[in-house]
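The values are calculated or read from the model by the stated rules, or taken from the named source; none is laboratory data. Only a predicted model underlies this, so the values are computations on that prediction, with no experimental measurement involved. Methodologically, a virtual Cβ is constructed for each residue, glycine included, from the backbone with ideal geometry; neighbour enumeration extends over all protein chains shown.
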Amino acid sequence: MSIRMFTSSLFLGLASVSATSGADASATERRDDVVEIGDRIQPIVDRHLVASMSGLELRLVDPRDEGSVFTFDRSWEGPFSGYSTVIHDGDRHLLYYRGLPVAGKDGTDREVACVAISDDGLVWSRPNLGRFEVDGTRENNVILADVAPVTHNFSPFLDTRPGVPEDERFKALGGSERSGLVAYVSGDGIRWRRLRDEAVITDGMFDSQNVAFWSEPEQCYVCYFRTWTGEGYSGFRTVSRATSANFVDWSETVPMRFGDGPMEHLYTNQTHPYFRNPEIAIAIAARFMPGRQVVGTAEAERLGVDPGYFRDCSDAIFMTTRGGDLYDRTFREGFLRPGLGLENWVSRSNYPALGVVRTGPTEMSIYMNADYAQPSAHLRRFSMRLDGFASVHADAEGGDWTSRPVVFEGERLALNLATSAAGEILVEIRDVSGTPIEGFTFEDAIPTIGNEIAKNVRWTNDPDLGVLAGRPVRLAFRMRDADLFAFRFADAKTQTP
């Protein structure tokens, strides 16, 4: 699909999505534009593919807190460590973060960029790099120092652009309003060099973690960065976007839109392509609630919270974008709520790390900075089932939903589902007009039951699904006491998940 076709389809689809909210949408199908899904995994993360829905609801999952995986307890790290990024690169996982032991204005000389390494994303260690002397020693894991304000919010990514030079596989941005965003590149993610002397993006406030990546559907680099809705540092903390063909020359800043609903302070946006389907960008953003105080002065003293960091609270929300200047806010509720204990209710805590990575055959993980501005500052891991950010949920009464017209590739359809013993999912395939296709009707459907990441859908007489590949069809799901997290078409030999 061309970029123009993709963008047109995107905005037509999103415009019509905003007309419907809630589980019991009208049975009238709202969108007729065709979506080419090929054989890519389709996680349920928004209403992008939904034409109609009745008796069902879209429901966010509740990520499982797996506990602390990394403590910021070195002299060059400390209570104000943050702006973390997790990247999976081959047989290793890389954790990047800012080390900062004392509070101060953005861009102080005490800020350093650090890296930790893991084989599995579960257990992390600091490599002894010996590159920079900090606090009188080179025995540390510091990858950048003495380049303030770049180290305030240094945010790397793995460049997936085809043909990228080996010594530029990793790219990063960092900086402040006074410096602009400065570009760095690296071949191994450890040794970094400045791409050019001048800042590459200057039209923003940048007082946050500013993130970039190669956008496969748009065929360009994109950067999502901090701006404010008012003049200077006034109004709401929000997100703007710019694009680039070469990571050096960037377009004008475009403010992001968030659909209906009130504005909220978004401290970080953490937008990045989903590793299982790069046409979907996931944004697990920090939602900041200035002045919403939970912790009292005496309690803050008992916890050891820095005096300037306990009169606000924050959590994380879930958004998506498929290109352009619009975030989808299907889910307005919190995604990562603050945990038990007042230490979780201080200012600028619960900020998600950038990145979602696979940590097991059926598991993926996200990470969150916890106990900010406290001696116990650390990183926590949260796990979810693979592709399981959200689901189409059916209660015992059940319901139906129908997709927009889609064009797929493959010979079988696999569902990521969880049903009760009494629950089930039936699948019907229809032509664009909504007429069931012979052999693929609800009457032919064999109930899909179980709790699996990829369970094949079956119909009686085992019809050849491949004959429908390449032509627009609609998928209809009839569900009862079940959750559908994702689906995928694939050929007979493709291993799923």
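For the reader, a short list of remarks on this structure follows.
- Condition met for residue 38 (modelled with pLDDT of 95 or more, at positive phi and not assigned by TED's automatic domain parsing to the domain that holds residue 338): yes
- Pairs where the first residue, in segment 134-147, is not assigned by TED's automatic domain parsing to the domain that holds residue 96 and the second is outside any loop (DSSP other than H, G, I, E, B), C-beta under 9 Å, 6+ apart: none
- Taken over segment 117-132, residues that are without any contact (Cβ under 8 Å) to a residue 12 or more places away in the chain and either in a loop (DSSP other than H, G, I, E, B) or within 29 Å of residue 222 (Cβ to Cβ) (or both) amount to 1.
- Criterion (exposed (fewer than 15 other Cβ atoms within 10 Å of the Cβ) and either at pLDDT below 95 or not small (Gly, Ala, Ser) (or both)) met by exactly one of 26, 9, 68: 26
- Subset of segment 333-349 [within 15 Å of the chain's Cα centre (by Cα) and either basic (Lys, Arg) or assigned to a loop (DSSP other than H, G, I, E, B) (or both)]: 334, 335
- Qualifying residue in segment 233-247 (condition: in the same structural domain as residue 184 (by TED's automatic domain parsing), more than 16 Å from residue 285 (Cβ to Cβ) and of a type in the set (D, E, K, R)): no
- Residue in segment 64-75 that is of a type in the set (D, E, K, R) and out of contact with any Phe, Trp or Tyr (no Cβ under 8 Å at 6 or more places or on another chain) present: yes
- When segment 290-319 is filtered for residues that are of a type in the set (Lys, Arg) and under 30 Å from the mean Cα position of the chain (by Cα), the ones remaining, listed by number, are 292, 311.
- Screening residue 421 against (1) assigned by TED's automatic domain parsing to the domain that holds residue 483; (2) in a strand (DSSP E or B); (3) touching a residue at least 40 places away in the same chain (Cβ under 8 Å) leaves a single unmet condition, (3).
- Selection status of residue 107, in contact with a Pro (Cβ under 8 Å, 6 or more places away or on another chain), at pLDDT below 95 and either part of a loop (DSSP other than H, G, I, E, B) or buried (at least 19 other Cβ atoms within 10 Å of the Cβ) (or both): yes
- Only residues that are farther than 20 Å from residue 314 by Cα and either aliphatic (A, V, I, L, M) or out of contact with any Pro (no Cβ under 9 Å at 6 or more places or on another chain) (or both) were counted across segment 357-371, and they come to 6.
- Subset of segment 419-437 (residues that are surrounded by fewer than 18 Cβ atoms within 10 Å (Cβ to Cβ) and either farther than 13 Å from residue 473 by Cα or among the aliphatic types (A, V, I, L, M) (or both)): 420, 421, 422, 432, 437
- Looking at 407, 432, just one residue is of a type in the set (A, V, I, L, M, F, W, C), part of a loop (DSSP other than H, G, I, E, B) and within 22 Å of residue 39 (Cβ to Cβ), and that residue is 432.
- Scanning segment 339-364 for residues that are among the acidic types (Asp, Glu) and in contact (Cβ under 8 Å) with a residue 40 or more places away in the chain yields one hit, 343.
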